[in-house]
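The values are calculated or read from the model by the stated rules, or taken from the named source; none is laboratory data. Remember, it's a predicted structure, so these values are computed and weren't measured experimentally. Every residue, glycine as well, gets a Cβ built from its backbone with ideal geometry; the counts of neighbours run over all protein chains shown. Calculation scope for accessible area: heavy atoms of the full protein, side chains included, ligands and nucleic acids excluded. Shrake-Rupley method; radii C 1.70, N 1.55, O 1.52, S 1.80 Å.
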Amino acid sequence: MSKINQERKPLIVECEDCKQEFEIASDEVMHSATCKKEFNVNGQSIFLTYYDCPSCGRRHYVQIDDKASLNKSKEVSRQFAKLSAAKRKGKEIPQKQSVKFKKARQYLADYRMNLMKQYAGRLIHDNETNSDFVLRFSV
Ligand SMILES: [Zn+2]
């Protein structure tokens with residue numbers, strides 16, 4: 001199995017409530033099986049990535065972004081796509097490009113980690129259901 005296939009392997013997660021096991025896409029760049037929703041906290045836009053348990057509907061928040069990290073994420077995705085395409089064609093990736101990608105990805109991971117710390121436990125208002133919930137991450 002090639003490395004790229006491994007990276008796209010679905011991830012098995014367990015629901016925190018009913019313990020039902022189910023698959024989500026584990027592709028770190030795309031998060032194709034998860035949803036992203038915008039919330040407003042004290043005038044600041046944040047974007048929460050989550051998936052719902054198919055059995056009981058329990059929502060699991062797994063990632064937080066703001067506008068800056070979304071832009072960074074787009075940049076990292078573009079670099080990832082470029083490097084993957086080059087790899088598939090059997091081209092050698094220049095060291096400089098590879099280091100640049102890893103740095104950008106690490107920066108993004110650190111930035112999101114800080115956002116998580118900043119917003120975990122905060123009361124978030126959901127406009128859709130017009131209710132408040134305490135933000136907790138399932139990671
Ligand atoms: Zn469940």
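Some notes on this structure:
- Residues that are open to solvent by less than 30 Å² (accessible area, probe 1.4 Å), more than 10 Å from the ligand (Cβ to nearest atom) and not polar (S, T, N, Q), drawn from segment 52-69: TYR61, VAL62, ILE64, ASP65, ASP66
- The combined condition, being of a type outside the set (Asp, Glu) and either within 16 Å of the ligand (Cβ to nearest atom) or free of Cβ contacts under 8 Å to residues at least 40 places away in the same chain (or both), is fulfilled by ALA109.
- ARG136 open to solvent by less than 50 Å² (accessible area, probe 1.4 Å) and of a type in the set (Lys, Arg): no
- For beta carbons closer than 6 Å, sequence separation of 6+ or different chains, a first residue in segment 33-56 that is free of Cβ contacts under 8 Å to residues at least 60 places away in the same chain and a second that is aromatic (Phe, Trp, Tyr) and more than 16 Å from the ligand (Cβ to nearest atom), the qualifying pairs are LYS36/PHE47; GLU38/PHE47.
- Residues in segment 93-106 that are touching a residue at least 12 places away in the same chain (Cβ under 8 Å) and either over 15 Å from GLN63 (Cα atoms) or in contact with a strand residue (DSSP E or B) (Cβ under 8 Å, 6 or more places away or on another chain) (or both): 5 in all.
- Within segment 87-120, the set of residues being open to solvent by 50 Å² or more (accessible area, probe 1.4 Å), touching a Leu at 6+ places or on another chain (Cβ under 8 Å) and either of a type in the set (D, E, K, R) or within 16 Å of LEU48 (Cα to Cα) (or both) comprises ALA120 only.
- Some residue of segment 43-51 being under 30 Å from GLU14 (Cα atoms), more than 17 Å from the chain's Cα centre (by Cα) and surrounded by 14 or more Cβ atoms within 10 Å (Cβ to Cβ): no
- Close contacts from segment 70-92, counting a first residue that is of a type in the set (Asp, Glu) and a second that is part of a helix (DSSP H, G or I), with Cβ to Cβ under 9 Å and a gap of 6+ residues or different chains, come to GLU75/ALA104; GLU75/LEU108; GLU92/ALA86.
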